[in-house]
1. Any chance you could check the Cα centroid distance between region 4-69 and region 199-257 for me, in angstrom?
2. What's the exposure ranking of 74, 204, 118, going from fewest to most Cβ atoms within 10 Å?
3. Output the relative contact order of the chain, whole-number percent, from Cα pairs under 8 angstrom with separation of 6+ residues.
4. Tell me which residues come under 5 Å, amide H to amide H, from residue 226 once H is placed; ignore anything under 5 positions away on its chain.
5. Kindly put 36, 257 in sequence by how many other C-beta atoms sit within 10 Å of each C-beta, fewest to most.
6. Give me, ordered by chain and number, the residues 5 or more places off residue 119 or on other chains with an amide H under 5 Å from its own placed amide H.
7. Taking Cα atoms, how many degrees apart are the long axis of helix 178-190 and the longest axis of the chain, rounded to 10 and kept between 0 and 90?
8. May I ask what percent, to the nearest 5, of DSSP beta bridges between residues of the chain are antiparallel?
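Quick note: the coordinates plus some simple rules give every number you see, no bench work behind them. In this text, all values refer to a predicted model and were calculated from it rather than measured experimentally. Cβ sites come from the backbone with ideal geometry, for glycine too, and all protein chains shown count toward neighbours.
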Amino acid sequence: MSKRNPVYDFKWCPGCGDFGVKVAIEQALAKRAVERNEPIEKTAVVAGIGCSGNLVHLQEGPQPFGIHGIHGRTLPIAYGLKSNRPDMNVLVVSGDGDFLSIGAEHIGPQARRNLDITVVVMDNGIYGLTKGQASPTTEFEVVTSTTRYGKLDDRMKPLEVYLGLGVGYIASEMSSRVKQLGETIKEAMDHPGFSIVHVQSPCTTYNDTYALLKGDEKKGIEPLAKPIDESHDPSDFMAALTIARGKSVPIGLLYKRPDSVPAHERLARAKERTQPRVSTVEQLLASMTI
Ligand SMILES: Cc1ncc(C[n+]2csc(CCOP(=O)(O)OP(=O)(O)O)c2C)c(N)n1
Ligand code: SF4
């Protein structure tokens with residue numbers, strides 16, 4: 001990707017949560033590059049379509065590679081890239097619409113394969129780029145341009161979905177906690193396997209949830225976002241599920257599977273222990289003839 005692409009003049013609205021995510025990613029990538037003594041080009045950012053996906057054009061400082069793909073298909077692109085270049089650090093950036101609506105069917109396969117990539121989901125509970133349609137994480141009964149009577153579908157609980165689909169590393173954060181978010185993204189990238197950092201990243205234009213998430217003491221509003229209790233053991237799947245199903249938005253490391261063998265290592269191990277039956281094209285075609 002090019003630094004501050006002058007042809008692509010997209011701008012986020014003032015106060016958009018994605019600003020914090022952008023800075024957190026820059027910090028995480030810079031830290032990783034120093035720690036591993038490797039160039040920043042060792043990372044490729046795969047972006048979905050949405051205000052969130054535009055993050056790939058707005059990165060400042062040393063530039064990773066970037067691919068701005070098609071709506072909902074970040075994971076197939078990341079799979080192709082990582083399969084061919086397991087040495088690359090692949091970071092997906094996606095919105096709740098891009099990842100959990102049109103892109104949802106791709107989460108399970110990559111989780112079960114344990115593809116060694118990290119996904120940062122910027123959840124603003126709305127389709128921002130297309131001007132405010134309901135997304136899977138829009139609250140029940142909220143009126144949007146596509147839910148004139150109020151949203152009739154229940155709100156999706158992404159953390160619960162990730163656990164159910166077998167995602168091995170799940171953290172939940174807020175875009176306003178830039179430092180902690182940067183550290184979490186860095187840790188997720190270090191995890192050998194499929195990791196998701198789900199970020200509450202409010203859309204100030206179409207679904208401003210800052211007050212709801214942070215609460216308002218003066219108005220007696222309890223914060224929806226609450227840190228996960230320190231006593232939580234992230235390797236305890238059932239405990240993670242109980243937290244994910246709760247009413248609040250948990251903040252912190254929810255789940256980390258202890259036995260994580262990433263996809264490329266699984267393949268290498270399988271190659272070592274098995275002698276695959278190799279067929280010629282003619283033999284394969286003959287086997288399919290009725
Ligand atoms: C196949 C296809 N369908 C629909 C669209 C229109 N579209 C572009 S972005 C988007 C939703 C974006 O929402 P989200 O992923 O939540 O990102 P945000 O803009 O809120 O960051 C839609 C429906 C598209 N570009 N391609
Ligand atoms: S529309 Fe919402 S998500 Fe998009 S840039 Fe503006 S505040 Fe951010």
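1. 25 Å
2. 204, 118, 74
3. 18 percent
4. Long-range HN contacts for residue 226: 249, 251.
5. 36, 257
6. Long-range HN contacts for residue 119: 92, 195, 196, 197.
7. 10 degrees
8. 20 percent
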